[in-house]
Amino acid sequence: MSKRIALFPGSFDPFTKGHEDIVLRGLHVFDEIIIAIGYNSQKNTRYFSMELMIERIQQTFAKQSNIKVITYSELTASFAQKHKAKFLLRGLRNTTDFEYENSISQVNRKLYGELESVFLITTPQLAWISSSIVREVHRYGGDVSEFLPYKL
Ligand code: ADP
């Protein structure tokens with residue numbers, strides 16, 4: 001049987017404990033997970049550099065050979081296809097996430113019929129963690145270490 005590969009796309013600016021949780025739980029469902037850091041067309045400047053994030057994510061999953069990290073700047077669905085990923089993995093924290101993910105997943109199915117989006121509901125203790133909050137706390141000199149699975 002072919003490997004079940006899922007793409008976990010996002011901005012990951014930065015990658016948080018919430019993201020880590022989705023990846024680790026995703027491994028119960030998939031054989032391989034590709035964390036794909038996208039160059040977001042709407043947010044063209046990052047707070048944490050791509051290079052730093054790739055390095056820190058690789059370090060976080062150094063012992064897991066079935067978790068990969070790559071960057072991309074194209075349509076997520078076509079990128080998934082290129083990497084033979086038949087699934088998109090996403091996390092859902094609340095109804096705002098749901099509304100957003102619902103329409104994206106419909107479009108992806110329309111454009112790339114085979115591609116299935118799979119959603120994991122956030123672990124309640126991590127539901128309040130968002131990349132934007134981490135950026136805000138960090139910008140004003142606050143300690144963000146408890147939000148992240150690595151040291152900055
Ligand atoms: P995007 O810019 O595409 O929204 P993010 O980097 O913010 O990407 O998030 C990537 C994915 O991780 C999304 O599916 C998002 O809902 C999910 N996610 C973000 N934070 C959490 C969290 N604390 N718990 C579970 N899932 C999360």
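The values are calculated or read from the model by the stated rules, or taken from the named source; none is laboratory data. This one's a predicted model, so the numbers in the text were calculated from it and none came from an experiment. Cβ coordinates were reconstructed from backbone atoms using ideal geometry, including for glycine residues, and neighbour counts include every protein chain displayed.
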Legend entry - Pairs with Cβ under 6 Å, 6+ apart, first in region 75-95 and buried (at least 20 other Cβ atoms within 10 Å of the Cβ) and at pLDDT 95 or above, second β-branched (V, I, T) and assigned to a helix (DSSP H, G or I): G91/I22
Legend entry - Residue under evaluation I5, criteria (1) within 29 Å of E114 (Cβ to Cβ); (2) surrounded by fewer than 21 Cβ atoms within 10 Å (Cβ to Cβ); (3) near the ligand (Cβ under 8 Å from one of its atoms), criterion not met: (3)
Inset, instruction - Return yes or no: is S11 closer than 23 Å to I133 by Cβ, within 14 Å of the ligand (Cβ to nearest atom), of a type in the set (S, T, Y) and surrounded by 15 or more Cβ atoms within 10 Å (Cβ to Cβ)? - result: yes
Inset, instruction - Would you be able to tell me the number of residues in region 117-152 that are free of Cβ contacts under 8 Å to residues at least 60 places away in the same chain, touching a helix residue (DSSP H, G or I) at 6+ places or on another chain (Cβ under 8 Å) and under 17 Å from D97 (Cα atoms)? - result: 3
Inset, instruction - Could you pull out every one of the strands (runs of 3 or more DSSP E) wholly within region 57-152 that has 2 or more residues that are touching a strand residue (DSSP E or B) at 6+ places or on another chain (Cβ under 9 Å), within 17 Å of E32 (Cβ to Cβ) and away from the ligand (no atom under 13 Å from the Cβ)? - result: 67-72
Legend entry - Qualifying residues in region 72-93 (those that are under 16 Å from the mean Cα position of the chain (by Cα) and polar (S, T, N, Q)) - the one nearest to F30 (Cα to Cα): T76
Legend entry - Enumeration of residues in region 1-23 that are touching a strand residue (DSSP E or B) at 6+ places or on another chain (Cβ under 9 Å) and more than 22 Å from Y100 (Cβ to Cβ): K3, R4, I5
Legend entry - Set S117, S105, S49: member being among the hydroxyl-bearing types (S, T, Y) and loosely packed, with under 13 Cβ neighbours inside 10 Å: S49
Inset, instruction - Among what's in region 16-46 and is surrounded by 13 or more Cβ atoms within 10 Å (Cβ to Cβ) and among the charged types (D, E, K, R), pick the residue that is farthest from the ligand (Cβ to nearest atom). - result: E32
